[in-house]
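Step one of this worksheet: look at the structure below.
The values are calculated or read from the model by the stated rules, or taken from the named source; none is laboratory data. Computed from a predicted structure; not experimentally measured. So basically every Cβ, Gly included, is an ideal-geometry build from the backbone, and we count neighbours across all protein chains shown. SASA here: full protein model, heavy atoms, side chains in, ligands and nucleic acids out. Shrake-Rupley method; radii C 1.70, N 1.55, O 1.52, S 1.80 Å.
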Amino acid sequence: VKALLLGAVCLAGFILGCIRFMFPNVLSEPPNKFKVGFPDQFEDGKVVDRYKDQNTWVVRYQGKIYALSTTCTHLGCTPNWLEREGKFKCPCHGSGFKISGINFEGPAPRPLERYAIRLGDDGQIVVDKARKFQRELGQWSDPDSYIALG
């Protein structure tokens with residue numbers, strides 16, 4: 001009787017597992033494209049961390065606006081923007097990145113990645129996280145990786 005009961009429990013578990021497999025978990029993620037405002041709302045030499053929850057910093061620096069990924073290129077931690085020191089500093093292993101996103105201290109092997117950025121039809125800046133640009137591959141010269149102000 002115990003063996004029959006144990007077999008029934010195992011069979012029921014197997015059937016429930018199969019049914020559960022038919023309904024996978026669905027992750028709710030923020031959209032890849034989002035608006036961050038108008039170019040004149042961004043001050044030169046400043047980092048806007050209002051979109052950090054969307055893994056994005058918006059930076060206006062030396063006549064360009066660009067969107068940096070908040071993911072450290074060492075092990076994927078999230079650096080902090082240190083306004084007073086003018087750098088991003090990763091709390092995990094000490095990597096440092098300039099306001100441009102270029103790595104200059106610590107173990108990070110390469111600069112932060114940029115996301116595609118453009119002006120929308122309404123004049124607002126649109127960030128597209130589905131497209132990434134890496135400096136070491138020469139992609140930062142791609143006009144889709146920044147907005148030139150002039």
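Residues in segment 140-150 that are without any contact (Cβ under 8 Å) to a residue 12 or more places away in the chain and in a helix (DSSP H, G or I): how many?
Taking segment 140-150 as the starting set, the residues that turn out to be without any contact (Cβ under 8 Å) to a residue 12 or more places away in the chain are 141-143.
From what's left, in a helix (DSSP H, G or I): 141, 143.
Result for segment 140-150: 2.
For segment 91-103, does any single residue satisfy the condition of being surrounded by fewer than 16 Cβ atoms within 10 Å (Cβ to Cβ), in contact (Cβ under 8 Å) with a residue 12 or more places away in the chain, among the polar types (S, T, N, Q) and not in a strand (DSSP E or B)?
Looking for residues that are surrounded by fewer than 16 Cβ atoms within 10 Å (Cβ to Cβ), in contact (Cβ under 8 Å) with a residue 12 or more places away in the chain, among the polar types (S, T, N, Q) and not in a strand (DSSP E or B), one finds none in segment 91-103, hence no.
Just for segment 111-147: of the residues that are in contact with a strand residue (DSSP E or B) (Cβ under 6 Å, 6 or more places away or on another chain) and farther than 22 Å from Cys72 by Cα, which one is most open to solvent (accessible area, probe 1.4 Å)?
Within segment 111-147, the match that is most open to solvent (accessible area, probe 1.4 Å) is Arg118.
Does Leu75 qualify as being exposed (fewer than 14 other Cβ atoms within 10 Å of the Cβ) and outside any helix (DSSP H, G or I)?
The answer is yes for Leu75.
Just for segment 9-63: of the residues that are among the acidic types (Asp, Glu) and assigned to a helix (DSSP H, G or I), which one is modelled with the highest pLDDT?
Initial filter on segment 9-63 (among the acidic types (Asp, Glu)): 29, 40, 43-44, 49, 53.
Add one more test, that the residue is assigned to a helix (DSSP H, G or I), and what stays is 40, 53.
Details: Asp40: 93, Asp53: 89.
Restricting to residues being among the acidic types (Asp, Glu) and assigned to a helix (DSSP H, G or I), the top hit is Asp40.
Being under 20 Å from Tyr51 (Cβ atoms) and among the polar types (S, T, N, Q) is the filter here, so list the residues in segment 71-126 that pass it.
Looking only at segment 71-126, we keep the residues that are under 20 Å from Tyr51 (Cβ atoms), and these are 71-73, 76-83, 86-91, 97-101, 111-120, 122-126.
Answer for segment 71-126, where residues must be under 20 Å from Tyr51 (Cβ atoms) and among the polar types (S, T, N, Q): Thr71, Thr73, Thr78, Asn80, Ser100, Gln124.
From Ala116, Ala108, Ala130, Ala67, grab the single residue that is out of contact with any helix residue (DSSP H, G or I) (no Cβ under 9 Å at 6 or more places or on another chain) and in a strand (DSSP E or B). Explain how you work it out, then say what you get.
Numbers: Ala116 fails: out of contact with any helix residue (DSSP H, G or I) (no Cβ under 9 Å at 6 or more places or on another chain); Ala108 fails: in a strand (DSSP E or B); Ala67 fails: out of contact with any helix residue (DSSP H, G or I) (no Cβ under 9 Å at 6 or more places or on another chain).
Only one candidate passes the filter, namely Ala130.
For the condition at pLDDT below 95, open to solvent by less than 50 Å² (accessible area, probe 1.4 Å) and among the aliphatic types (A, V, I, L, M), what is the one hit in Ala67, Ala108? Let's see the steps before the verdict.
On the way: Ala67 fails: at pLDDT below 95.
Answer to the check: Ala108.
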